[in-house]
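Working notes for the structure below.
The values are calculated or read from the model by the stated rules, or taken from the named source; none is laboratory data. None of these values were measured; they are calculated from a predicted model. Neighbour counts are summed over all protein chains in view; Cβ atoms, including those assigned to glycine, are modelled from backbone coordinates with ideal geometry.
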Amino acid sequence: MIYALTGADDLIINDRPITEFTDNSTIQITFPNEKVGVSTGKNANTVFATNEQGRNVQVELRILAGGKDDAFLNGLAIQQERDLPAFTLMNGSFSKRVGDGSGNVKRINYTLLGGVIRQGIDTQENLTGDTEQGTALYRMTFAQGARAIV
């Protein structure tokens with residue numbers, strides 16, 4: 001049998017560890033675009049072309065509303081909105097720890113470069129106990145990301 005045990009992952013944005021997460025998928029990293037465009041025509045002639053947008057990375061963070069990490073990220077959002085050309089793009093890293101059940105642990109590392117906060121932070125008031133009102137959902141886009149297993 002083969003096992004994968006995960007936990008105790010690390011996220012860093014602009015050299016600051018982010019730790020105040022809420023529930024469910026607290027960190028989600030996706031590569032929304034294809035790395036290569038493929039077009040096949042007559043006689044099965046096929047063109048392959050690098051799609052530079054394949055480097056783009058979408059990141060969503062579920063942060064504890066009103067906490068220190070929320071204040072830090074909100075400060076970055078304010079700087080970005082105040083003067084985008086003067087904004088220092090964000091960088092980040094995410095390290096997922098994966099064990100094999102026999103005590104061996106590897107890290108799957110994601111390096112994130114050239115990031116911005118792409119949307120505002122939604123909120124709500126809910127009188128029936130919806131816990132989403134305690135979460136600040138940050139949606140970011142990074143120009144490029146790389147994955148490595150060490």
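Listed conditions (1) in contact with a Ser or Thr (Cβ under 7 Å, 6 or more places away or on another chain); (2) modelled with pLDDT under 95 are all met by T131, apart from (1).
Please pick out the residue among D100, D130 that is free of Cβ contacts under 8 Å to residues at least 12 places away in the same chain and not aromatic (F, W, Y). Can you show your working first?
Details: D100 fails: free of Cβ contacts under 8 Å to residues at least 12 places away in the same chain.
Exactly one residue qualifies, and that residue is D130.
Here is a list: A148, A86, A77. Which entry is closer than 25 Å to N33 by Cα, among the aliphatic types (A, V, I, L, M) and surrounded by fewer than 15 Cβ atoms within 10 Å (Cβ to Cβ)? Of the residues listed, the single one that is closer than 25 Å to N33 by Cα, among the aliphatic types (A, V, I, L, M) and surrounded by fewer than 15 Cβ atoms within 10 Å (Cβ to Cβ) is A148.
Under the condition of being over 15 Å from the mean Cα position of the chain (by Cα) and either exposed (fewer than 15 other Cβ atoms within 10 Å of the Cβ) or of a type in the set (G, A, S) (or both), which residue from segment 108-125 is farthest from P17 (Cα to Cα)?
That would be E125.
For segment 26-39, a residue qualifies if it is polar (S, T, N, Q), more than 19 Å from G66 (Cα to Cα) and surrounded by 10 or more Cβ atoms within 10 Å (Cβ to Cβ), and the qualifying residues are Q28, T30, N33.
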